């Protein structure tokens, strides 16, 4: 089984991923794959340098993600060009996962990129916007940065309506754990 996990920034996707791993799932985080590609994949690095210029390449190798982020922030055409480099490589990585075993694939843009048909089912982690902002502030973002990041994504409420299952992450860790256990008992039960 391959499950696509999505949700808004600061909703708790990584926490849910850890809970699934504790319950026997192998996990893959699309954002971490991007970081790996930008750090060490020669083809990706060359393509990004071609797009942005040599100033985005670090002396020690790899791409300066912060420099690239500043370049694409507010520049939709440049962002789409970057996504055209990265997304096919990420998709190739998760679509080549072994068919054996259960996989949870963390894909923040699952619905935005219409990838939900590439997984067996989709889960959205939902938190109210105020909780998202508070979590992002705890990570060191100011409120303006947090809201700007949130506004660049599909609203989490919209993702929740598109998902097969929704996990509510506005409460305690134990409440979230219980939801994951309950969901796993449903999806692992033969129909």
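Just checking, which of 72, 33 is closer than 18 Å to residue 112 by Cβ and modelled with pLDDT under 90?
When all the criteria are applied, what remains is 72.
Just wondering, is there one or more residues in region 54-62 that are assigned to a helix (DSSP H, G or I), closer than 24 Å to residue 153 by Cα and out of contact with any helix residue (DSSP H, G or I) (no Cβ under 8 Å at 6 or more places or on another chain)?
Checking region 54-62: not a single residue is assigned to a helix (DSSP H, G or I), closer than 24 Å to residue 153 by Cα and out of contact with any helix residue (DSSP H, G or I) (no Cβ under 8 Å at 6 or more places or on another chain).
Would you check which residues across region 88-132 are farther than 21 Å from residue 18 by Cβ, part of a helix (DSSP H, G or I) and touching a residue at least 24 places away in the same chain (Cβ under 8 Å) and list them?
Residues satisfying the conditions are 89, 91, 116, 118, 129.
So that you can scan it fast, the table gives a plain yes or no per residue for (1) without any contact (Cβ under 8 Å) to a residue 12 or more places away in the chain; (2) surrounded by 14 or more Cβ atoms within 10 Å (Cβ to Cβ); (3) in the same structural domain as residue 127 (by TED's automatic domain parsing); (4) not in a loop (DSSP other than H, G, I, E, B):
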{"position": "3", "(1), (2), (3), (4)": "no, yes, yes, yes"}
{"position": "9", "(1), (2), (3), (4)": "no, yes, yes, no"}
{"position": "45", "(1), (2), (3), (4)": "no, yes, no, yes"}
{"position": "49", "(1), (2), (3), (4)": "no, yes, no, yes"}
{"position": "71", "(1), (2), (3), (4)": "no, yes, no, yes"}
{"position": "74", "(1), (2), (3), (4)": "yes, no, no, no"}
{"position": "80", "(1), (2), (3), (4)": "yes, no, no, yes"}
{"position": "86", "(1), (2), (3), (4)": "no, yes, no, yes"}
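How many residues are assigned to a helix (DSSP H, G or I) and either surrounded by fewer than 17 Cβ atoms within 10 Å (Cβ to Cβ) or touching a helix residue (DSSP H, G or I) at 6+ places or on another chain (Cβ under 7 Å) (or both) when one looks only at region 150-164?
6
Within region 133-185, can you find the residues that are under 14 Å from residue 123 (Cβ atoms) and either without any contact (Cβ under 8 Å) to a residue 12 or more places away in the chain or not assigned by TED's automatic domain parsing to the domain that holds residue 118 (or both)?
Scanning region 133-185 gives 161, 182.
The values are calculated or read from the model by the stated rules, or taken from the named source; none is laboratory data. Since the structure is predicted, the reported quantities are computational estimates derived from the model, not experimental observations. Methodologically, a virtual Cβ is constructed for each residue, glycine included, from the backbone with ideal geometry; neighbour enumeration extends over all protein chains shown.
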